[in-house]
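Chemist: First the structure, which I've put down as structure tokens, then a few questions once you've had a look.
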2 protein chains.
Amino acid sequence: MSQVSRQVARRSAPPRRRTARRRAATTEAIVERIATAIAEHRLPPGTKLGEEALGEIFGVSRTKARQALHRLATDKLVTLLPHRGAFVAQPTVLEAREVFEARRVLEPAVVARFVDVATPDQIETLLEHHAREQAAIATNDARAAQRLLGWFHVLIAEMAGNRVLADVLRELVMRSSLITLLYQTTADSRRSSEEHRELIAHIEKREVEQAVELATRHLERVEAGLALREPSSEVVDLKSALAAAGAG
Amino acid sequence: MSQVSRQVARRSAPPRRRTARRRAATTEAIVERIATAIAEHRLPPGTKLGEEALGEIFGVSRTKARQALHRLATDKLVTLLPHRGAFVAQPTVLEAREVFEARRVLEPAVVARFVDVATPDQIETLLEHHAREQAAIATNDARAAQRLLGWFHVLIAEMAGNRVLADVLRELVMRSSLITLLYQTTADSRRSSEEHRELIAHIEKREVEQAVELATRHLERVEAGLALREPSSEVVDLKSALAAAGAG
DNA sequence: GATTACTTTTTTGTATACAATAGAGCGAGC
DNA sequence: GCTCGCTCTATTGTATACAAAAAAGTAATC
């Protein structure tokens, strides 16, 4: 697994206070910050996440930075290589397929559950979220769009009222954002957001069948937009590439 | 949430070597040991898990013990109370219902997948496992029986070939063992093991419909054997209990 | 005698120090 | 010229030291 040799830029700290950021950040907060940075691909896959560097950035010691990295590793957002450190994960094609298969199992069930219990307030919240999706798309803010499109699924899961399912799905959606980042060919955000709107309509009308069916199709379409073929045996590629390169 | 004030017994260490156990245990090993101890209810819910004590037992420093406890906490097998420490988790009734609902979503899908891909070798492994279940039941080894009955489900998930689903299910099965511990009324191990045997038969004959149906029924029956009613508002109980107690 | 405030002790949370491993840089040898 | 092996450096893994918080114990007051 070739890791990109990129480093998080630690601004050469003018030692202003005792801590770089205002207050001792909680581990939770650090995890959150790094996770969203990964999800919005401000930290591309393969990026080395040094403990020292992160500690400096968040104004904490290596202890906390390390804790955060280990928690991100259990969520599969970073890969830990023994004695080598933490890197933003690079999900394999197999992993990608497995994540989406799991989502195709969970999400229809979650949607079905939600259709039963959805309140007008919750529908309203979903519509507001959808409006934000549209706004992000309209302003060509790809990062925000991607984040919001993913979060829509988590939102429904949380509203459906089963914390266990919601937690699992949140993890899968986060991983999915890494996956789409690596393998997405055509990011048809507009289409996705439209389907979200449709789904809300079905939920509002308590049309379980249609809602479940749409959720499934939606996921299939998203997955179909990925280029999930094996990365054609990197070693061979490397060799031929070098042969052709010459005096590059 | 009232925590039982029980303590892990730290044998008053005669400082034999540098480490209590033979070699520096890996965090993974410690997690595993504690997890199985919980699953087999050698560590009952509410038991305090002190960092120092665990460190002594496994011959490591608090650092590793702490790491292990935090990882167990993410699996929901222990509860962390800030500045108070780690306790063996006491899943609530709500949590129990949610875990089983999640399993009812996942397991039929896993079984369906497995029916498609099952090899004779895998069937053989399942039969061997079933034999071990029977042996444990025959010798009245309730702990082993409970552990094996749970692990059967994990085994199928792992064989089904989707690592994501398998990981999620493993976590849920572990939590389930805590739940059955707390809420189980009638532990009909014999019946469960019989259903496992039936399921293997369906899988072997590639009878998807029946296999999925049985998996669902099996889970429903297990859940039905739990007393998942709210623990009648502890405060009130406490009050009346004390009034009645008098000179106990 | 029970309750409250204070002190002591224990345990967790965090930072730092030390040990061990991997990688880079550099030189010698074929 | 390339490879092999050494040293040196940088980073991770682990233990310990210190700080902070909660619990337990104790004394004083009503």
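The values are calculated or read from the model by the stated rules, or taken from the named source; none is laboratory data. All values reported here derive from a predicted model rather than from experimental measurement. Here Cβ is always computed from backbone atoms with ideal geometry, including for glycine, and neighbour counts include all displayed protein chains. SASA here: full protein model, heavy atoms, side chains in, ligands and nucleic acids out. Shrake-Rupley method; radii C 1.70, N 1.55, O 1.52, S 1.80 Å.
Chemist: Show me the ranking of peptides A:200-210, A:167-177 by mean Cβ neighbours inside 10 Å, starting with the highest. Please list the in-between numbers first.
Modeler: Values: A:200-210: 15.9, A:167-177: 22.1.
Averaged packing, sorted descending, gives the order A:167-177, A:200-210.
Chemist: On average, how many beta carbons from a partner chain sit within 10 Å of the beta carbon of a residue in A:74-84? Don't skip to the answer; put the middle values down first.
Modeler: Details: counts 5, 1, 2, 0, 0, 0, 0, 0, 0, 0, 0.
Other-chain Cβ atoms within 10 Å of each residue's Cβ, averaged: 1.
Chemist: May I ask you to list the trypsin sites (Lys or Arg not before Pro) in segment B:51-121 that are in a DSSP loop and have at most 11 other Cβ atoms within 10 Å of their Cβ? Before the final figure, lay out each step's value.
Modeler: Values: sites: B:ARG62, B:LYS64, B:ARG66, B:ARG71, B:LYS76, B:ARG84, B:ARG97, B:ARG103, B:ARG104, B:ARG113; in loops: B:LYS76, B:ARG84.
Those that pass, being in a loop and sparsely packed, are B:ARG84.
Chemist: Additional query: What are the nm distances, shortest first, from A:ALA142 to its equivalents in the other copies, labels at 7 Å along Cα→Cβ?
Modeler: 6.1
Chemist: Related question: Note down the accessible area of A:GLU158, probe 1.4 Å, to the nearest 10 Å².
Modeler: Rounded to the nearest 10, the figure is 90 Å².
Chemist: Distance from a point 7 Å along Cα→Cβ of B:ALA24 to each backbone N in segment A:49-87: keep the residues under 14 Å and list them by number.
Modeler: Counting backbone N atoms under 14 Å from the label point, the list is A:83.
Chemist: Measuring nothing but label to label, 7 Å from Cα along Cα→Cβ, what are B:THR185's distances to the other copies in nm, shortest first?
Modeler: 5.7
Chemist: Kindly compute the accessible surface that chains A and B hide from a 1.4 Å probe when together, both sides summed, and give it to the nearest 100 Å².
Modeler: Answer for the A-B pair: about 1600 Å² buried.
Chemist: Indicate the gyration tensor shape class of segment A:152-228 (rounded, prolate or oblate), computed on the Cα atoms with a ≥ b ≥ c the square roots of the eigenvalues: a/c under 1.5 is rounded; otherwise a/b larger than b/c is prolate and the rest oblate. Could you put the intermediate results ahead of the total?
Modeler: Details: a/c = 2.33, a/b = 1.27, b/c = 1.83.
Oblate, because a/c is 1.5 or more while a/b does not exceed b/c.
Chemist: Now a separate question. Could you give, in nm with one decimal, how far B:THR125 is from each other copy of that position, shortest first, with labels 7 Å out from Cα toward Cβ?
Modeler: Its label point is 4.1 nm from the equivalent points in the other copies.
Chemist: Counting only other chains, and only Cβ atoms inside 10 Å, what mean value do you get across the residues of B:97-109? If you can, show how the numbers build up before the last one.
Modeler: Numbers: counts 2, 7, 4, 1, 6, 10, 1, 1, 12, 6, 1, 2, 7.
Taking the mean over all residues of the peptide, I get 5.
Chemist: To continue, here is another question. How far is the Cα center of segment A:21-65 from the Cα center of segment B:133-204, in Å?
Modeler: 39 Å
Chemist: Classify segment A:93-224 as rounded, prolate or oblate, taking a ≥ b ≥ c as the square roots of the eigenvalues of its Cα gyration tensor: rounded when a/c is under 1.5, otherwise prolate if a/b is larger than b/c and oblate if not.
Modeler: On the way: a/c = 1.65, a/b = 1.18, b/c = 1.40.
Here segment A:93-224 falls in the oblate category.
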